[in-house]
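For reference, the structure is listed below as structure tokens.
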Number of protein chains: 2
Amino acid sequence: MQRLDTRDSDFAQRLARLTEWEQGLDEAVNTTVAAILSAVQQRGDAAVLEYTARLDHLQAATMAELEVSAAHLEAALAAIPVQQREALEQAAERIRSYHQHQLQESWEYRDAEGNLLGQKITALDRVGIYVPGGKASYPSSVLMNALPAKVAGVAEIIMVVPAPGGELSDLVLAAAAVAGVDRVFTIGGAQAVAALAFGTETVPAVDKIVGPGNIYVATAKRQVFGRVGIDMIAGPSEILVICDGATNPEWIAMDLFSQAEHDENAQAILLCPDADYLDEVQACIDRLLPTMERADIIRASLAARGALVLTRDLAEAVAISNQLAPEHLELSVLDPEALLPLVRHAGAIFMGRFTSESLGDYCAGPNHVLPTSRSARFFSPLGVYDFQKRSSLIMCSEQGVQSLGRIASVLARGEQLTAHARSAEMRLQQDD
Amino acid sequence: MQRLDTRDSDFAQRLARLTEWEQGLDEAVNTTVAAILSAVQQRGDAAVLEYTARLDHLQAATMAELEVSAAHLEAALAAIPVQQREALEQAAERIRSYHQHQLQESWEYRDAEGNLLGQKITALDRVGIYVPGGKASYPSSVLMNALPAKVAGVAEIIMVVPAPGGELSDLVLAAAAVAGVDRVFTIGGAQAVAALAFGTETVPAVDKIVGPGNIYVATAKRQVFGRVGIDMIAGPSEILVICDGATNPEWIAMDLFSQAEHDENAQAILLCPDADYLDEVQACIDRLLPTMERADIIRASLAARGALVLTRDLAEAVAISNQLAPEHLELSVLDPEALLPLVRHAGAIFMGRFTSESLGDYCAGPNHVLPTSRSARFFSPLGVYDFQKRSSLIMCSEQGVQSLGRIASVLARGEQLTAHARSAEMRLQQDD
């Protein structure tokens, strides 16, 4: 694991190299995905079935065979251990309760001249959620993607989850039952994104597609963006821990592992003003790593993209964090609320020694779909607001239109848009 | 202008054909834009200067020559007629006041176990606004793009506006002064988007790029999406008017013109349950059209994409509108508030006979950057919320972590993410 010191002359350069992530605009992937989208748009179910057979090794004569019935979802929920069922339900309840706070309401007001102005807020009609399948089955992602849509009032949630070779996780299906997903299709990849974006004979077209996926899924989402909404373009997962040197170093080591175990490209960075503490964490890493189930992935991730960084003080650590705009930021310090005002950019902020990132991943309440690769500078966590949209409201009074019409007329004529001008001016002539 | 009747057996088909708009995924444009982006990313100012010379016929030795000084902006504001200056300032004041209502505040609460949960809301640091230049100079777009960012608290607004052959509109520069834009560069096209996204020696990299542009600009925005935020992918402008047949038909004809005069692809549709009224509007169109400055564009637009549609009643008209999710929806009826609850999807809703769309384009207050091509199903008007982002907050109490840790542990083990599980479990062991 790299060791950096902010006082080193090449620090900025080394940090930049370490955290660099060029999100792949891979020409070959782009072309492959474009062909899949086009095939599904033109040939619907038939194309989806072909790609599913070829890429997921899952044969089906009709799309109906690839739909998972509501009874099947309920059966999965009944089949999993009661402890898992209860954990899913408790997590769902907490996620639902947190997201209720994000609900936005329509608003309107009247200005001094009696014009009504406002915004009407409505839920999207139908959304698609993409859930990775196979070995990396994440029931928590089902909850995190579906529940904000439910809270927003989305009428219909369509879930797609690939089932390579027919393999399907009961826990994922149980999560779909708990979250109230309306329909589930066992399809994946760019073909699933295409089916949701364009609709097929069997899969209904949706208004927005959310959820994580591999490079083909991400590329497909980017290509259909505009025809449907998408949530964001996700890169590798990251954690940045700022510690004052007084948290149990084993906890911090394990927090770094919990990020690194996702995949080799995941990034785990610790910033601390105490060099001895960094040594202690390194010792914990060395001691605990061999005990980890996913030791190989963790080792590769920490070696390639991890770092222990010595900072001058905590304020400097926060400044570096702002520059990196991390997906997950842990403030493992005595008084995290004192540091919070300094934090400008982060997907989620875990405050205090007890708040491990993993609590946020599963059940604290906030969403675990978060902006990566410095995009917390402009993206927000997935939320209820992603499933609501706004319509502006304008209702001018007969009095109000007199002054507004004059302003509009001047500006429209300044832009040489005379139909705009005359449309406003005509309303000034109602005395004629 | 086409005349449709919802009772015709081929109505759905004809309406679909009329409103179809495949947003161009033009391979050639994609490739050209990718080359421009890559050149600017690698060679910065030098590449921007080359493309500006070649595409905008504007020669400059350095990027500094292409920056418009604050003094120049103020001079433009002083140079325009006082009536225009006042109209700009009045419009700005109304737009600012409306957008204040969109400001979102950070929030937090504590759950029953004392865990703090919430979201911290902050402004973006720096944004870029793209303003079309040359003949189609729209000072109103400067206000509509810059003011929500100002209200959000964005620290720095960089505006780019092409000046083909050096041609630059005083009104556009004056609007930049009124809106409080921080820096202005006279560059445009994909090279301007690239400069904003990647930054150059002279142009600072921004966090989000908003504003309308041609197919090259739109394609460039799509390609940099993820590295920076963008607002939306805009198609041709549209209006859908629902009228009960009692509005002055000249007003309605002019409202249709005001959309059609934008360009040949613009779309203007009138829905009305009164066939005689449709005849009257057609007569007004025929009479007024020759008097319009932009008659050729209007004629082409109405011929290719306009329609007068006879509906069974107003409710059916709203149902059709929901299907089309128009950018601009006029409810030119006696009681627009009675229809409003039926409206599901629209960028902006203009209510009542006096509320011409053009008032909203310039000065009513709401934004005129609106979702097109049915994307009001999932996109919202540009707003303050586009210039704010959220960070989730989680601070667990020592008590709270006991129950949360157990849930997280069960779910993490269900996902085979044991570092996640152990990171939560370790916090349960603080008695050791």
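Just so you know, all these numbers are worked out from the coordinates, no wet-lab data involved. In this text the structure is predicted, and so the values were computed from the model without any measurement. Counting neighbours? That spans all protein chains shown, and the Cβs are built from the backbone with ideal geometry, glycine included.
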Checklist entry - What are the residues whose amide H is under 5 Å from the amide H of B:Gly306, where those residues sit 5 or more places off or on another chain and H is modelled from the backbone? => result B:Gln2, B:Ala268
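Please report the net charge: other residues with Cβ closer than 14 Å to the Cβ of B:Val217, K and R +1, D and E -1.
The answer is -1.
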Checklist entry - For the range B:1-115, what is one quarter of the convex hull surface built on the Cα atoms, given in nm²? => result 19.4
Item to check | Ratio of the Cα radius of gyration of the range B:170-306 to 2.2 N^0.38 Å, where N counts its residues | outcome: 1.40
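How large is the Kirkwood hydrodynamic radius of the range B:184-254, in angstrom, based on all distinct alpha carbon pairs?
For the range B:184-254, inverting the mean 1/r across all distinct Cα pairs yields 14.5 Å.
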Checklist entry - In degrees between 0 and 90, to the nearest 10, how far off the longest principal axis of chain B does helix B:170-179 point, with axes built from Cα atoms? => result 40
Checklist entry - Non-local amide H neighbours of B:Val68 (under 5 Å, H modeled in plane, Pro and chain starts lacking H): which ones? => result B:Val184, B:Phe185, B:Thr186
Checklist outcome for this item: If one compares the long axis through the Cα atoms of helix A:45-56 with the longest principal axis of the Cα atoms of chain A, the angle in degrees, nearest 10, works out at 10
Checklist entry - Which ³J(HN,Hα) values, rounded to whole Hz and listed in residue order, are derived for the range B:330-340 from phi using the Karplus coefficients 6.51, -1.76 and 1.60 in 6.51 cos²θ - 1.76 cosθ + 1.60 with θ = phi - 60°, glycine and proline given as x? => result 9, 9, 8, 9, 4, 10, x, 5, 6, 7, 3
Checklist entry - Tell me, what HN-Hα J-couplings in whole Hz come from the Karplus equation 6.51 cos²θ - 1.76 cosθ + 1.60 at θ = phi - 60° for each residue of the range B:191-203, using x for Gly and Pro? => result 5, 6, 4, 4, 4, 5, 6, 9, x, 10, 4, 10, 8
Checklist entry - From the label point of A:Arg7, set 7 Å along Cα to the beta carbon, how far off in nm is each other copy's matching point, shortest first? => result 8.8
Checklist entry - Using alpha-carbon pairs under 8 Å, 6+ residues apart, how would you state the relative contact order of the range B:337-432 in percent? => result 17
Checklist outcome for this item: In whole Å, largest first, the alpha carbons of the protein assembly as shown cover along the principal axes 89, 64, 50
Item to check | Selected from A:Asn248, A:Asn367, A:Asn145 as most flexible by GNM, with chain A as the system and alpha-carbon contacts under 10 Å | outcome: A:Asn248
Checklist entry - How high is the relative contact order of the range B:167-317, given as a whole-number percent (alpha carbon pairs under 8 Å, six or more residues apart)? => result 18
Item to check | Space enclosed by the convex hull of the alpha-carbon atoms of the range B:1-46, per residue, Å³ | outcome: 118
Next on the checklist: Tell me the relative contact order for chain B as a rounded percent, counting alpha carbon contacts under 8 Å between residues six or more apart.
Outcome noted: 20
Item to check | Whole-angstrom Cα spans of the range B:136-218 along principal axes, big to small | outcome: 28, 26, 23
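Give me the compactness ratio for the range B:235-378, meaning the Cα radius of gyration over 2.2 N^0.38 Å.
Compared with the compact-globule rule of thumb, the range B:235-378 sits at 0.95.
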Next on the checklist: How many angstrom lie between the Cα centre of the range A:332-383 and the Cα centre of the range A:134-192?
Outcome noted: 25
Item to check | Helix A:400-414 vs. chain A, principal-axis angle (Cα, 0 to 90°, nearest 10) | outcome: 80
Item to check | Averaged over A:96-105, number of beta-carbon atoms from partner chains that fall within 10 Å | outcome: 2
Item to check | Cα convex hull of chain A, projected area averaged across orientations, nm² | outcome: 27.2
Item to check | Most mobile listed residue (A:Arg422, A:Arg374, A:Arg85) in chain A, GNM with C-alpha springs under 10 Å | outcome: A:Arg422
Checklist outcome for this item: Residues meeting the amide H criterion for B:Glu238 (H placed from the backbone, H to H distance under 5 Å, 5 or more places apart or on another chain) are B:Gln267, B:Glu327, B:His328
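Using C-alpha positions alone, give me the convex hull volume of the range B:53-126 per residue in cubic angstrom.
Per-residue hull volume (Cα only) is 201 Å³.
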Checklist entry - Which ³J(HN,Hα) values in Hz, rounded to whole numbers, follow from the phi angles of the range A:388-395 under the Karplus curve 6.51 cos²θ - 1.76 cosθ + 1.60, where θ = phi - 60° and Gly and Pro get x? => result 10, 9, 10, 10, 5, 10, 9, 9
Item to check | Residue of A:Asp182, A:Asp255, A:Asp335 that the Gaussian network model of chain A assigns the largest fluctuation, springs spanning Cα pairs under 10 Å | outcome: A:Asp335
